[in-house]
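So the structure is just underneath, and the comments pick up after that.
The values are calculated or read from the model by the stated rules, or taken from the named source; none is laboratory data. Quick caveat, the model's predicted, so the values are computed rather than measured. Neighbour counts are summed over all protein chains in view; Cβ atoms, including those assigned to glycine, are modelled from backbone coordinates with ideal geometry.
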Amino acid sequence: MTAPVLDKTDYDVLNVVALKKMVAAEVVAADTGTADVESVLARLEERGLIVVAAGAAFPTDDAEPALAAAAAHHYAAVREDAGLAPLVDRFETVNAQFLTTMSSWQQIDVGGRRVTNDHSDAEYDGKVIARLDKLVQRLGPLLDALAGHDPRFGAYPRRFAAALDGIDAGRHELVSAPTLDSVHNVWFEFHEDLLRTLGRARVE
Amino acid sequence: MAEVLAEGYNVFDTAKSPSGTIKYLSAPADVINLIKSGKLQEHILLVRGGTTTFLAPALSMGAIGVITMSGAPESHLGILSREFQTPCVMTAYLTDSDSRYVVGQTGDEHFEEIAKALDGRKVRLDCTDHEVGRVVADD
């Protein structure tokens, strides 16, 4: 017997759990705008799609297949949108540039050797931040097109803007900190979300 | 000198040289069970790829060391391991085997051979070289 396809509320909640890998209920509620997130999480746990441990929800091994099946159903129109394909292809190029830029934030080249960036060179850091800003701006058309299909994609530009504003205000940890809603975290979640929405596999 | 079991890309130079029993993680449930067991810090974690995104909770919960069998230091996992300062050897291969990972051309047997040889071994990571990360026998 095939399990019924997740409805959109359940999909949105499970999607956030799967994107964040380990997440508290309050964060899921804030991210999805779901009113009664506790009962959705309880339902997903009952279906064996999440487990709750250490005060956080984790996706189980069954979460990805369930999300994939539901995405095929909910995003059939997105996948058929011919206008989206060139924007998605462009994303792959921008993504490669993003990963390189993120590495150059963490490490600098000294005589051909990569060493940890101690962030003592404000000019160097400023250039990396400017490049990141430009790369985020390049996602604009793709994010707009996706938000036209599903308004939840509108959260990404808001989250990017909040992180970039914080960086401008001197909170440089918002570039790459894995425990904050940093540019790297938002980008990574968007990439995973995009692949799932389109039913594509990640390129190693 | 201690036996070098495997080598790969060193994600970042560090004097940290974590020691533990290698645990192969093949699915999200393995990560959850390991975190629940409270024994996360006894293990060096072995995963298949640099895009193995289910490893993130283990890093944030204090994993001591990571070995991957594919992927580049510029990948998501590489970025995370530098952020958490968790020593990480990527695209590791067995020093006593000729099998090497090639993007898009490597079959399951390559990964299975490495997992079989390393899972359960007591090792230490040597990440002092600026290019090569080493998995050294510590039993």
Matching residues, the stretch B:66-89, being farther than 17 Å from B:ARG134 by Cβ and of a type in the set (Ser, Thr, Tyr): B:SER70, B:SER75
Residues (more than 16 Å from B:ILE64 (Cα to Cα) and surrounded by 15 or more Cβ atoms within 10 Å (Cβ to Cβ)) located in the stretch B:115-131: B:ALA115, B:ALA117, B:LEU118
Where a residue in the stretch A:160-176 is on the phi < 0 side of the Ramachandran plot and its partner, wherever it lies, is outside any helix (DSSP H, G or I) and of a type in the set (A, V, I, L, M, F, W, C), with Cβ under 7 Å and at least six apart: A:ILE167/A:VAL175; A:GLU173/A:LEU180; A:LEU174/A:LEU180
Tally, over the stretch B:33-65, of residues that are within 9 Å of chain A (Cβ to nearest Cβ) and without any contact (Cβ under 8 Å) to a residue 12 or more places away in the chain: 1
Some residue of the stretch B:90-108 being within 12 Å of another protein chain (Cβ to nearest Cβ), among the small types (Gly, Ala, Ser), more than 29 Å from A:ALA54 (Cα to Cα) and part of a loop (DSSP other than H, G, I, E, B): yes
Which listed residue, of A:VAL40, A:VAL51, is in a strand (DSSP E or B) and either over 13 Å from A:ALA18 (Cα atoms) or within 14 Å of chain B (Cβ to nearest Cβ) (or both): A:VAL51
Tally of residues being in contact with a helix residue (DSSP H, G or I) (Cβ under 8 Å, 6 or more places away or on another chain), among the aliphatic types (A, V, I, L, M) and assigned to a helix (DSSP H, G or I) across the stretch A:102-146: 10
Test set (1) buried (at least 17 other Cβ atoms within 10 Å of the Cβ); (2) out of contact with any Ser or Thr (no Cβ under 8 Å at 6 or more places or on another chain); (3) modelled with pLDDT of 95 or more - A:GLU45 fails condition number: (1)
Condition met for B:THR91 (in contact (Cβ under 8 Å) with a residue 24 or more places away in the chain and on the phi < 0 side of the Ramachandran plot): no
Among (1) buried (at least 16 other Cβ atoms within 10 Å of the Cβ); (2) in contact with a strand residue (DSSP E or B) (Cβ under 9 Å, 6 or more places away or on another chain); (3) away from chain B (no Cβ under 14 Å) - the single one A:TYR124 does not satisfy: (1)
The stretch A:176-204, residues that are in a loop (DSSP other than H, G, I, E, B), at the interface with another protein chain (Cβ under 10 Å from one of its Cβ atoms) and under 17 Å from A:LYS20 (Cα atoms): A:SER176, A:ALA177, A:PRO178, A:THR179, A:SER182, A:ARG202
Every residue from the stretch A:48-62 that is of a type outside the set (Ser, Thr, Tyr) and crowded, with 17+ Cβ neighbours inside 10 Å: A:LEU49, A:ILE50, A:VAL51, A:ALA56, A:ALA57, A:PHE58, A:PRO59
Test: A:ALA63 is among the hydrophobic types (A, V, I, L, M, F, W, C), more than 14 Å from A:LEU194 (Cα to Cα), facing chain B (nearest Cβ under 10 Å) and touching a strand residue (DSSP E or B) at 6+ places or on another chain (Cβ under 9 Å): yes
Residue in the stretch A:149-168 that is within 21 Å of B:GLU74 (Cβ to Cβ), modelled with pLDDT of 95 or more, part of a helix (DSSP H, G or I) and within 13 Å of chain B (Cβ to nearest Cβ) present: no
Residue list for the stretch B:66-89, filter: over 17 Å from B:ALA15 (Cα atoms) and either acidic (Asp, Glu) or more than 11 Å from chain A (Cβ to nearest Cβ) (or both): B:GLU74
Some residue of the stretch B:2-22 being out of contact with any Lys or Arg (no Cβ under 9 Å at 6 or more places or on another chain), hydrophobic (A, V, I, L, M, F, W, C), crowded, with 20+ Cβ neighbours inside 10 Å and closer than 22 Å to B:ALA117 by Cβ: no
Residue in the stretch A:88-103 that is farther than 19 Å from A:PHE160 by Cβ and buried (at least 18 other Cβ atoms within 10 Å of the Cβ) present: yes
Candidate set: the stretch B:21-32, residues that are within 12 Å of chain A (Cβ to nearest Cβ) and of a type outside the set (Val, Ile, Thr); chosen: the one nearest to the chain's Cα centre (by Cα): B:LEU25
